[in-house]
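The values are calculated or read from the model by the stated rules, or taken from the named source; none is laboratory data. As the structure is a prediction and not an experimental result, all values here were calculated from the model. Cβ coordinates were reconstructed from backbone atoms using ideal geometry, including for glycine residues, and neighbour counts include every protein chain displayed.
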Amino acid sequence: MSISVRDRLAALREAMPPIEPAAAEKLRVGGAWLVDIREADEIAQGTPVGAKPLGRGFLEMRLEAEGAAADDTLLLLCASGSRSLLAADQLRRLGYADVHSVAGGFDAWKDAGLAFETPPTLDAGERARYARQLTLPEIGDAGQTRLRDARVLVIGAGGLGSPAALYLAAAGVGHLAIVDHDTVDRSNLHRQILHRDASVGQPKVRSAQATLTALNPTIEVVPVEARVAPDNAADLVAGYDLVIDGSDNFSARYAINDACVAAHIALVYGAVERFAGQVGVFPAGGAPCYRCLFAEAPPAGSAPTCAEAGVIGAVPGLVGTLQALEAIKLIVGMTNTLSGKLLSLDVRTQRWRTLSLPGNPDCPICGGGQR
């Protein structure tokens, strides 16, 4: 004989007495998790200050991604207290030992005069454009909002900067600035996929702006026609949350690294030589930084350019895409990134390996974390 939803909720209230909003707020201040499981359109009307707006769908996966432990205190809040009871029961069955429903839900929370806030929201167009991304528990509304609010500087509109910028624009990074001093040459086109044959002779940053705006007209793309140097690097990186280094010379790499360390901005590094590539993330403030990896540039002429050594377009395409992926992970707050690590790949043999990068205590820029 089946049981009605009403009877089921009554049984759950008796087995797991809900916690009153005021008591829930005290527990939250003391370190408990207050989790808003309502739908996005409901959360858009307001959510308790300090609550994690995770929604009901994929709640179990979202909690795991957020780092909730089985013995943490979890306080679930819905609109009126019914959905949170059912969700609490499910979580207990999965092994969460201390999970409770907030009595009366958000309605009771407001009636009790407890603090709530209206979070940034996505409009219908954004939900349609980023629908497949929003489904990921690691991104969701909160992550997509962070992407929309992010300011990212891409150094170079070439083989690395092209795929990086394209995927960042497609992902919804709200403000992209592209720095390059060069013009489009026909020999660029097999790997620098931001540009078209009709762009030959145009400044790369203008060609990049046209392509990225056509891909995603909802974002802001700023062309910066400049050559990176020690005397302008600090001004270039100022005001950005993250920098992607797609430069092709050591002078620019050192200048950008030093400026990012000084400004406490994370730097996503990439490099390509023939069939090999590297991707790494130097955390905000360095330790390690690029100079910990390469203390000084190799002798002039010892590192061949793409023109001298040759390259298949898909290789910088792969490295630039990985740079964009690391940037997205950093922006949305994922923990398993290449921060302080170097991914080395050889596409001829498909050998990939990840190395931890120790900080150099004698590094003149970041001190290897010993400052």
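Annotations
- Criterion: at positive phi and surrounded by 15 or more Cβ atoms within 10 Å (Cβ to Cβ) - qualifying residue of 113, 55, 67: 55
- First in region 134-154 and in contact (Cβ under 8 Å) with a residue 40 or more places away in the chain and farther than 20 Å from residue 166 by Cβ, second anywhere and of a type in the set (Val, Ile, Thr) and surrounded by fewer than 23 Cβ atoms within 10 Å (Cβ to Cβ), Cβ under 8 Å, 6 or more apart: 138/332; 141/43; 141/121; 142/332
- Residue within region 229-243 that is among the hydroxyl-bearing types (Ser, Thr, Tyr), over 24 Å from residue 325 (Cβ atoms), touching a helix residue (DSSP H, G or I) at 6+ places or on another chain (Cβ under 9 Å) and buried (at least 17 other Cβ atoms within 10 Å of the Cβ) present: no
- Listed by position, the helices (runs of 4 or more DSSP H) contained in region 219-323 that have at least 3 residues being hydrophobic (A, V, I, L, M, F, W, C) are 233-237, 250-263, 306-309.
- Pair list, Cβ < 7 Å and 6+ apart or interchain, from region 174-199 residues that are surrounded by fewer than 16 Cβ atoms within 10 Å (Cβ to Cβ) to residues that are at pLDDT below 95: 190/313; 197/189
- Counting only strands (runs of 3 or more DSSP E) that fall entirely inside region 63-167 and contain at least 2 residues that are within 30 Å of residue 179 (Cα to Cα) and not assigned by TED's automatic domain parsing to the domain that holds residue 11, the qualifying elements are 151-155.
- Taken together, 189, 242, 293 contain a single residue that is at pLDDT 95 or above and assigned by TED's automatic domain parsing to the domain that holds residue 167, which is 242.
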